[in-house]
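Quick note: the coordinates plus some simple rules give every number you see, no bench work behind them. Note that the structure is predicted; figures quoted are calculated from it, not measured. In this analysis, Cβ positions are derived from the backbone assuming ideal geometry, glycine residues included, and neighbour counts consider all displayed protein chains.
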Amino acid sequence: MAVVALHETRTETDGVEERRRQAIAHARQLRALAWVALRDGMPHGALRAATARTAARRILQHERRAALLNRVVADAMNAFVQEQAALAG
């Protein structure tokens, strides 16, 4: 039985970094599939390879947009909390 040790103090950046690592891993896997599709001799190899490369690109684009949105939302939330603290005195 494997024991997984978790960080005692997890931050929001831990989640962002993990998502980024997973997105990169998935993109690499899709690119490897594209390479195999070009060389496996099965029908429509070029089309399957192009589809896999496109999916890899879209995964990375989506993660970039999500990271940007996370930063914007976090900044807005911090500004809101500071404003509410200032109003409360």
Note: among Gln29, Gln84, just one is surrounded by 11 or more Cβ atoms within 10 Å (Cβ to Cβ) and in a helix (DSSP H, G or I), namely Gln29
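Could you list all residues from the stretch 39-56 that are of a type outside the set (D, E, K, R) and exposed (fewer than 14 other Cβ atoms within 10 Å of the Cβ)? Let's see the steps before the verdict.
First, the residues of the stretch 39-56 that are of a type outside the set (D, E, K, R): 41-47, 49-52, 54-56.
Residues satisfying the conditions are Gly41, Met42, Pro43, His44, Ala46, Leu47, Thr54.
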State all residues of the stretch 58-75 that are over 19 Å from Asp14 (Cβ atoms) and touching a residue at least 12 places away in the same chain (Cβ under 8 Å); if no residue qualifies, say none.
-> Ile59, Leu60, His62
